[in-house]
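Quick note: the coordinates plus some simple rules give every number you see, no bench work behind them. Here the structure is a predicted model, which is why all the values come from computation and not from measurement. Glycine gets a Cβ as well: all are built from the backbone with ideal geometry, and neighbour counts include every protein chain shown.
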Amino acid sequence: MSINTEAYHSIKEKTDAAKALLVAVSKTKPNEDIFTLYEMGHRDFGENYVQELLKKQLELPSDIRWHFIGHLQTNKVKQIAPFVHLIHGVDSFRMLDAIEKEGKKLNKKINCLIQVHIAEEETKFGFDITEAREAATHFFIEIKYPHVNLCGLMGMASFTEDAEVIKNEFAILKSLFDEIKAMKDADTNSFTTLSMGMSADYPIALENGSTLVRIGSMLFGARN
Ligand SMILES: *Cc1c(COP(=O)(O)O)cnc(C)c1O
């Protein structure tokens, strides 16, 4: 068994205190490890690869809430649409169109987060801030995607040791989150999730308004 249960309890204490959700990122890890956390009462798991997620979803308990946190291809949306709890990495208007199409076919609303590019690195996917604002207006003002439920934003900070840089990037995302949230009526607002923070930077994320952290290696050990 390679779950670090001590780390789990310690992280859970911090996320509970911040009223944030802990998503255990189980990509590349075996079913036994997921099941260990499941037996401890954990239900939210994050995966990055469609084939791996489909296999695990079939083999593991059906009340697990699967979060798709990786880079999704438009032609694979239909494979996860029937069961996925939340798609975190919606990073283009093409992807929104693809999710809308599948939601319509299934006659349901698919929960999504818009991924916003906040890091310095070129390689990270996502909308820039202007595009994210524009996407939000498509939801809240024009109602262009009736089968997509925009639940919030997701972002990844730069891969750096410099806590100040990370903090600034998270703060930028939090302020965009608040701005978009204010576009909609408080009563009917399901725009409540700010997905930011991973093993290396989740304490900074929680201090800066994260409502959901995605933690892999601190719980499951390093990936190969
Ligand atoms: C893999 C991954 C994580 C988890 O990363 P750790 O550093 O192992 O906690 C979180 N978010 C995304 C988008 C990932 O791809």
Practice task
Quote to one decimal, in nm, the extra length available between I143 and I172 on full extension: 0.36 nm per residue of separation minus the C-alpha distance between them.
Solution key: 7.9 nm
Fill in the blank from the handout: Spelling it out for L21: with amide H atoms placed in the peptide plane at 1.01 Å from N, the residues 5 or more places away or on another chain with amide H under 5 Å from its amide H are L212, V213
Handout entry: GluC sites (Glu not before Pro) within the range 18-120: DSSP coil, no more than 14 neighbouring Cβ in 10 Å
Key = E120
Practice task
Provide the per-residue ³J(HN,Hα) series for the range 22-36, in order, calculated from phi with Karplus coefficients 6.51, -1.76, 1.60 and θ = phi - 60°, each as a whole number of Hz, with x at glycine and proline positions.
Solution key: 9, 9, 8, 8, 9, 3, 6, 9, x, 4, 4, 5, 5, 5, 4
Exercise for the section: Would you mind pulling out the separation of the Cα centroids of the range 37-97 and the range 134-157, in Å? Expected result: 18
Exercise for the section: Enumerate the calculated ³J(HN,Hα) couplings along the range 165-174 in order (Karplus 6.51 cos²θ - 1.76 cosθ + 1.60, θ = phi - 60°), each rounded to whole Hz, writing x wherever the residue is Gly or Pro. Expected result: 4, 4, 4, 4, 5, 5, 5, 5, 5, 4
Practice task
Report, largest value first, the span of the C-alpha coordinates of the chain along each principal axis, in whole Å.
Solution key: 50, 42, 36
Exercise for the section: Filter the GluC sites (Glu not before Pro) in the range 147-224 down to the DSSP loop ones having no more than 13 other Cβ atoms within 10 Å, then list what survives. Expected result: E161
Practice task
Using Cα pairs closer than 8 Å and at least 6 residues apart in sequence, work out the relative contact order for the chain, in percent.
Solution key: 22
Exercise for the section: Kindly write out, for the range 143-156 in residue order, the coupling ³J(HN,Hα) from the Karplus curve 6.51 cos²θ - 1.76 cosθ + 1.60 (θ = phi - 60°), rounded to whole Hz, with x marking Gly and Pro. Expected result: 6, 7, 10, x, 9, 10, 9, 7, 9, x, 10, 9, x, 10
Practice task
Give me D63, D201 ranked fewest to most by other Cβ atoms within 10 Å of their Cβ, as a rough exposure proxy.
Solution key: D63, D201
